[in-house]
Each structure stands twice: as structure tokens, then as C-alpha cells.
1. Here is the link list: Lys195/Lys254; Lys9/Lys70; Lys9/Lys195; Lys56/Lys254. Which ones come out longer than 22 Å on Cα distance?
2. Note down the net charge around Leu140, summing +1 for each Lys or Arg and -1 for each Asp or Glu among other residues with Cβ under 12 Å from its Cβ.
3. Could you tell me the distance between the Cα centroids of the stretch 205-259 and the stretch 1-52, to the nearest Å?
4. Please give the net charge around Asn49, taking every other residue with its beta carbon less than 12 angstrom from that of Asn49, where Lys and Arg add +1 and Asp and Glu add -1.
5. Run lengths n ≥ 4 of DSSP H only: what is the helix-derived mean residue ellipticity at 222 nm for the chain, with -39500 (n - 2.57) per run over all residues, to the nearest 500?
6. Under 20 Å Cα to Cα from Lys236, which aspartates and glutamates show up? Leave out anything in the same chain fewer than 8 places away.
7. Could you work out the Kirkwood radius for the chain, taking every pair of different alpha carbons, averaging 1/r and inverting it, reported in Å?
8. I want the local charge near Ile62. Using Cβ-Cβ distances under 13 Å, sum +1 for each Lys or Arg and -1 for each Asp or Glu among the other residues.
Amino acid sequence: MSRIILEIKDFSMVFGGLRAVDHVNIHINDGEIVALIGPNGAGKTTLFNCVTGVYKPSEGDIAVSNPESKVIRTNGMKPNNITELGLARTFQNIRLFSSMTALENVMIGRHPKLQAGIFGAIFRDKSTRTEEKQVVEDSLVILKKLGLKQYANEPASSLSYGAQRRLEIARAMATEPQLLLLDEPAAGMNPQETKELDDTITRIRDKEGITILLIEHDMSLVMSLSERIYVLDYGKLIAEGSPDEVKANPAVIKAYLGE
């Protein structure tokens, strides 16, 4: 039986009088590609924000299983501690350091893995220099995996939109995640860029062994990529299942996919 990496139990998030997410139960198994879909305002990004420590859930539990299968409750945990458990994310709006190079952006993602402290940074001893060299090499490997190595020394702002999206994924991968949460990765992409993204996400799962949870409005991408789909509407979970099951679900058709 597959290890459950992420389990969300009876989870709610309330802002003032607004119940943005309402008693939702979700689990993500090791090695899956799972999609979370629904109309705008359904609560999808709110759920991501709670999973990654931006918000503390109003009710319910969020638990992460580490590679040793130890289950850790993450409610209220700081984002950097959640990253250390192997969860990394991208955002709806690209959040690259635009004046820095593609390589430097990925190197920032490697920062949580560094051992050198303040002493090493100031005095730049041999171990610190060796570690810095390794970070550059590791970051170049990640860029190559995402088809971006040729842009290593280019400012992030000079990359095409699709390449910037992939660079955000590369930076998230630099944290060595077990679960990658992608928030609308295909937003604003043309059909060719979307096809490349489809191939990239599949390769990340198959070659790197990273589990994927994505929020996405591009239904062709969702249906081709996902093994399971969860559907939110007005904060409530209205359906879950395989792409074929979700496509045929009357509640999903009414709320989201259209008659």
C-alpha cells in the first residue's frame, strides 16, 4: 500500500464570517499526480496556503508523512519548517527574483539545505567554499532537467513566460521536495508551452520520484495528467475520483465543467 504523504482531515478555513473551505478531506499518496479543480473562489489556493503554512487552519488537521513514514501534524507550523518536511510550492503569480539570473534563482531554493552558518559566510573557510561550489553544480543539474540550462546566466526577467514558469518549478525542486504543489502552472501559457509543461510534470514524477498536487483551470492538462481529481465548489468538496469519473459527475458538470 502506498504511503500517504499528505492527509487533510475535516479541514476548514474561516475568514471573519466567510467559510472559504468547509470540512474538506483529501489525501495524496506517494507517487501520484493529483489535481484540485473548481471555479474561481472555490477555496483551492486557500487550501494550498494552509498546507504550506501561510495560514493556520480554523478547524481540522493537516498531516505530512516524512520519507521514514513518521506522521507529523503541521497545523500552525512555519512555512520554512514545512519546506524541511519536503513540501514545496509555486504560486499563481510568478514570484521570481527578476533581476537575478536563472541560476541564482535556483541557488536560493538550495539555501535551506546549506550547512554553513554565519561564521562560514564571514570567513569563507574551505568547507563553505566547497559547499558553495556544490550548490552551483546542483542548481545547474536542476536547470538542465527543466530544459533551462542554456539560460543559467540570463536574468529571470529575460526568459519567455513559459520558461519563467518552469524556472519557478526548478526553484521549488531545489528544496528536494517529496511533494510539489503547483498553483495554476499553465496560467497564461500558449498551447505549445502547455504541452511542454505536461511533459515536464510527468517527467518530474517519473524520473525524480516527486509527488504532484496541482491546482489548474486547463481541463485538457488536468485530464491528461491526473490520476485522481478533487473538485471544490464554494469551499466544499463536491466530487473526487478518476478523470473519467469526475467528467461524468453531474454535480461537477453543473458547478464547473458546464452542461
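Since every read-out is calculated from the coordinates, none of them should be taken as a lab result. Keep in mind that this is a model prediction, so the values were computed, not measured. Neighbour counts run over all protein chains shown; Cβ positions are idealised from the backbone, glycine included.
1. Beyond 22 Å between Cα atoms: Lys195/Lys254; Lys9/Lys195; Lys56/Lys254.
2. Here the count lands on +2.
3. That distance is 13 Å.
4. +2
5. -10500 deg cm²/dmol
6. Within reach: Glu7, Asp10, Asp22, Glu59, Asp61, Asp183, Glu184, Glu216, Glu245.
7. 19.2
8. With Lys, Arg at +1 and Asp, Glu at -1, the neighbours total -1.
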